[in-house]
Amino acid sequence: MALDVTPLRIYIGYDPHEVTAYHVLCHSILRQASGPVSFTPLVQSALRMSGHYTRKQDVAASTEFSLTRFLVPRLSGYAGYALFLDCDMLLRGDVYELMTYVHADPGKAVYVCQHDYTPRTETKFLGQRNDPYPRKNWSSVMLFNNEYCRVLTKAYVNQATPADLHRFAWCADREIGALPLTWNYLVGESNQSAAPPKNIHWTQGGPWF
């Protein structure tokens with residue numbers, strides 16, 4: 001019987017201000033992964049040149065990948081699973097562990113860490129606004145079941161409001177699966193817990209700044 005050696009597809013938000021963070025995240029994933037992985041940086045300029053991303057520049061967006069992340073199912077051909085991660089993270093756990101939560105609760109469109117909090121500060125890195133909104137930071141770690149995310153077409157991603165995208169208006173609540181909060185530990189925001197973080201997220205700005 002042949003072994004399944006298909007790499008887990010990982011799409012990472014890329015921003016010119018956080019190049020170091022991107023490479024550190026990739027390295028931390030490789031150190032922990034128990035299986036093959038493939039990396040795709042979501043470089044906005046490349047997505048524009050290829051015609052995938054056509055929105056006007058959003059001066060209010062804190063990163064260049066604020067909305068390009070929702071193109072992941074389309075970029076994956078609406079097949080299999082794909083993981084999106086913000087670049088300002090460092091993994092301390094095996095990324096393949098995330099698939100165990102999919103197997104335990106199959107049939108969801110997307111799996112996220114379902115935080116319920118209000119930011120403690122009004123600004124974050126580089127003086128960017130840190131606006132509170134429902135489901136904040138849910139979209140910073142998203143494990144897509146691509147086949148069930150066909151609503152995320154190029155047209156939809158390029159026309160929907162940022163609020164609709166980040167608040168998951170594109171799928172029903174019952175289609176959103178839960179990942180443990182340890183897989184999106186928000187530095188300076190998350191409460192300390194007995195379980196050590198599997199993924200450290202410097203959502204307010206990391207040491208590379």
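GNM remark for the chain: springs join alpha carbons under 10 Å apart, and the peak mean-square fluctuation among SER62, SER45, SER76 falls on SER45. Take every pair of alpha-carbon atoms less than 8 Å apart whose residues are at least six positions apart; their mean separation over the length of the chain yields a relative contact order of 25 percent. Most mobile of LEU143, LEU75, LEU67 per a Gaussian network model of the chain (Cα springs, under 10 Å)? Highest fluctuation of the listed residues: LEU75. Rounded to the nearest 20 debye, the dipole size of the stretch 1-95 about its Cα centre is 240 debye, using +1 on the Cβ of Lys and Arg and -1 on the Cβ of Asp and Glu. A simple spin-label model places pseudo-atoms 7 Å from Cα toward Cβ; at ALA195 and ASP164 they are separated by 3.4 nm.
Partners of LYS56 within straight-line reach, counting aspartates and glutamates whose Cα lies under 16 Å from its Cα and excluding those fewer than 8 residues away in the same chain: GLU64. Only the Cβ atoms of Lys and Arg (+1) and of Asp and Glu (-1) were treated as charged; on that basis the dipole of the chain about its Cα centre amounts to roughly 340 debye.
By how many nm would the segment from GLU175 to ASP94 lengthen if fully extended, with 0.36 nm per residue of separation less the alpha-carbon distance?
Extending this stretch completely gives an extra 26.7 nm.
Tell me which label goes with the value of Kirkwood radius over Cα pairs in Å computed from the coordinates here: (i) 18.9; (ii) 17.4; (iii) 17.9. It is the one labelled (ii). Of all beta bridges that DSSP places with both ends in the chain, some 45 percent have antiparallel geometry.
Run through every distinct alpha carbon pair of the stretch 26-109 and return the Kirkwood hydrodynamic radius in angstroms, one decimal place.
14.8 Å
Only the coordinates and a few stated rules stand behind these numbers; no lab work does. Keep in mind that what you see is a predicted model, and the values were worked out from it rather than measured. Cβ coordinates were reconstructed from backbone atoms using ideal geometry, including for glycine residues, and neighbour counts include every protein chain displayed.
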